[in-house]
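Student: Structure in structure tokens, see below.
The values are calculated or read from the model by the stated rules, or taken from the named source; none is laboratory data. What you see is a predicted model, and the numbers here were worked out from it, not measured in a lab. Glycine gets a Cβ as well: all are built from the backbone with ideal geometry, and neighbour counts include every protein chain shown.
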């Protein structure tokens, strides 16, 4: 009985905060947030924070309608991401781009990754990202997707647009996001080869 209760408490703690930096991206947000609904329904996503760099009334309205937290942040991307992480209440952080659409099965993949990392005791040395999928027909999008897989295989890094799932302990140990527009890439470099797991589920992005 005691073990069952402890397990239930452990599961309740195993939830994520999603941080999305926004500027002039209101038109992309509704599909992005809609793709997160399965995660909220499954109890994996506990909160979504929209950290806006322009005090956009449209973004604030969408946040209110969708039940997200709206934060007025600085123009600097790295500072906005850092603000979102500092405000988030959950132990796991997931950073997404405002145009990214998490594809079918992402909730199961995220939960499986978190379960495995916690069993391994690797909270401070493993992070995850999604596979890249581009919304377009023809050869060019497929070549870019293949290039993203090759980049991961060779360098252990992914594009920031693919998203990042990381435990707060690991995030803080790495120093979090620095200032500047290249902050997500620099954080990925600090995570390093072999510590970033490529999930099977995809993040769909507009081509280009």
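Student: Which one of 95, 137 is touching a helix residue (DSSP H, G or I) at 6+ places or on another chain (Cβ under 9 Å) and either buried (at least 16 other Cβ atoms within 10 Å of the Cβ) or over 18 Å from residue 192 (Cα atoms) (or both)?
Tutor: 95
Student: Follow-up question, since we're still on this one. Could you count how many residues in the stretch 98-111 are surrounded by 17 or more Cβ atoms within 10 Å (Cβ to Cβ) and assigned to a helix (DSSP H, G or I)?
Tutor: The total comes to 5.
Student: Looking at residue 128, is it without any contact (Cβ under 8 Å) to a residue 12 or more places away in the chain and surrounded by 13 or more Cβ atoms within 10 Å (Cβ to Cβ)?
Tutor: Judged against the criteria, residue 128 is not a match.
Student: Only one residue in 37, 48, 44 is out of contact with any helix residue (DSSP H, G or I) (no Cβ under 9 Å at 6 or more places or on another chain), modelled with pLDDT of 90 or more, under 30 Å from residue 121 (Cα atoms) and surrounded by 12 or more Cβ atoms within 10 Å (Cβ to Cβ). Which one?
Tutor: 37
Student: Let me ask something additional. Go through the stretch 185-200 and count every residue that is surrounded by 19 or more Cβ atoms within 10 Å (Cβ to Cβ) and within 19 Å of residue 36 (Cβ to Cβ).
Tutor: Residues that pass the stated criteria total 1.
Student: While we're looking at this one, here's another question. Considering each residue of the stretch 71-95, count those that are out of contact with any strand residue (DSSP E or B) (no Cβ under 8 Å at 6 or more places or on another chain) and not in a loop (DSSP other than H, G, I, E, B), and give that number.
Tutor: Qualifying residue count, the stretch 71-95: 4.
Student: Please find, within the stretch 1-32, the residue that is farthest from the chain's Cα centre (by Cα) out of those that are modelled with pLDDT of 50 or more and in a loop (DSSP other than H, G, I, E, B).
Tutor: 24
Student: Among the residues of the stretch 33-44 satisfying the criterion of being free of Cβ contacts under 8 Å to residues at least 60 places away in the same chain and under 16 Å from residue 91 (Cα atoms), which is farthest from the chain's Cα centre (by Cα)?
Tutor: Of the stretch 33-44, the ones free of Cβ contacts under 8 Å to residues at least 60 places away in the same chain are 33-34, 37, 40-41, 43.
Narrowing the set further to residues that are under 16 Å from residue 91 (Cα atoms) leaves 40, 43.
On the way: 40: 14, 43: 16 Å.
Within the stretch 33-44, the match that is farthest from the chain's Cα centre (by Cα) is 43.
Student: Okay, moving on. Give the stretch 151-166 a look and list any residue that's surrounded by fewer than 22 Cβ atoms within 10 Å (Cβ to Cβ) and out of contact with any helix residue (DSSP H, G or I) (no Cβ under 7 Å at 6 or more places or on another chain), or say none.
Tutor: Once the filter is applied, which keeps residues that are surrounded by fewer than 22 Cβ atoms within 10 Å (Cβ to Cβ) and out of contact with any helix residue (DSSP H, G or I) (no Cβ under 7 Å at 6 or more places or on another chain), the stretch 151-166 yields 151, 152, 153, 154, 155, 156, 161.
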